[in-house]
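Okay, structure first, notes after.
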């Protein structure tokens, strides 16, 4: 089922159930679907996160959707694409803050809600670059599929890990998933338009929304190494600057297996 959204720059397609909204939208992207297509599912059975982590949530307990973006090549060269996950995390954080949640973005793009017993994850994001179909000489170029999963109505007993939470738990009431979806999408496309026009426009807002900067962190690296220091900045390409006794180290999202508090 497709839902027209008036003047909004997106069209929403709702699927009763699917293994992965990212997989569905990636296929549509390869077939030439336009920017602004959003695929939402009532029940995702094989969601994927960073490093191919998978999960399944109970029916109607989460807001799970993917957004198709096609950054114009003449304005957004490939080296700017690593900012897309941060942009998405900032958009969700901004929307949830406007809904009254104490949200913050953990670098690069997890969304947390602050509580008396610490920060708990409420949203995960996975951005995938989809190339044009092999042999294609016309039509749209590369696309970004932005997959977003927000825990909306999960109960404490349904949480996948003790460090997770849901909007219902945090608010103590019912959550209108449709209203949250529209709010997040509108903020996402506003941030996206700003970013396309000016690559530096979102960095100040991201810094203000960060739940990572200024904290002692431990980055677990591929191969078993670790990097411990203070997260001090996010650079122009979206990489995290960690200040250690040996000096500043810069890591990208692909360089880190896990980023956790040092203590």
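Quick note: the coordinates plus some simple rules give every number you see, no bench work behind them. Everything numeric in this text was worked out from a predicted model, so none of it was measured. In this analysis, Cβ positions are derived from the backbone assuming ideal geometry, glycine residues included, and neighbour counts consider all displayed protein chains.
For region 216-261, a/c is not less than 1.5, where a ≥ b ≥ c are the root eigenvalues of the C-alpha gyration tensor, and a/b does not top b/c. That puts it in the oblate class. Rounded to 0.05, the FRET efficiency of the residue 97 and residue 117 pair, given R0 = 25 Å and the Cβ-Cβ distance, is 0.80.
Please order 81, 107 by the number of other Cβ within 10 Å, starting at the fewest. Provide the component values of the computation, followed by the final result.
Values: 81 16, 107 24.
The order, fewest Cβ neighbours first, is 81, 107.
Size descriptors for the chain, from the alpha-carbon set: Rg then Dmax equal 18.0, 56 Å. Evaluate E = 1/(1 + (r/R0)^6) for residue 257 and residue 232, where r is the Cβ-Cβ distance and R0 equals 25 Å; express this FRET efficiency to the nearest 0.05. Efficiency, from the Cβ-Cβ distance: 0.75.
May I ask you to derive the relative contact order of region 169-263, considering only C-alpha pairs under 8 Å and at least 6 residues apart, and to give it as an integer percent?
Details: 111 pairs, mean separation 20.0, N = 95.
Result for region 169-263 is 21 percent.
Enumerate the residues in region 197-237 having an amide nitrogen under 11 Å from the point lying 7 Å beyond the Cα of residue 246 toward its Cβ. Zone members listed by number: 226-228. Okay, which of region 194-211 sit inside 15 Å, backbone N to the point 7 Å along the Cα-Cβ direction of residue 75? The answer is 194-202.
Once C-alpha pairs closer than 8 Å and six or more residues apart are averaged by separation and normalised to the residue number of the chain, the relative contact order reads 16 percent. For 35, 98, the sequence from fewest to most other C-beta atoms within 10 Å is 98, 35. By the beta-carbon count within 10 Å of each Cβ, the least crowded to most crowded order of 106, 121, fewest first, is 121, 106.
Antiparallel as a % of all DSSP beta bridges within the chain, to the nearest 5?
Details: 51 of 59 bridges.
The antiparallel fraction comes to roughly 85 percent.
Taking every DSSP helix (H) stretch of at least 4 residues in the chain, weighting each as -39,500 (n - 2.57) and dividing the sum by the residue count yields a mean residue ellipticity at 222 nm of -7000 deg cm²/dmol.
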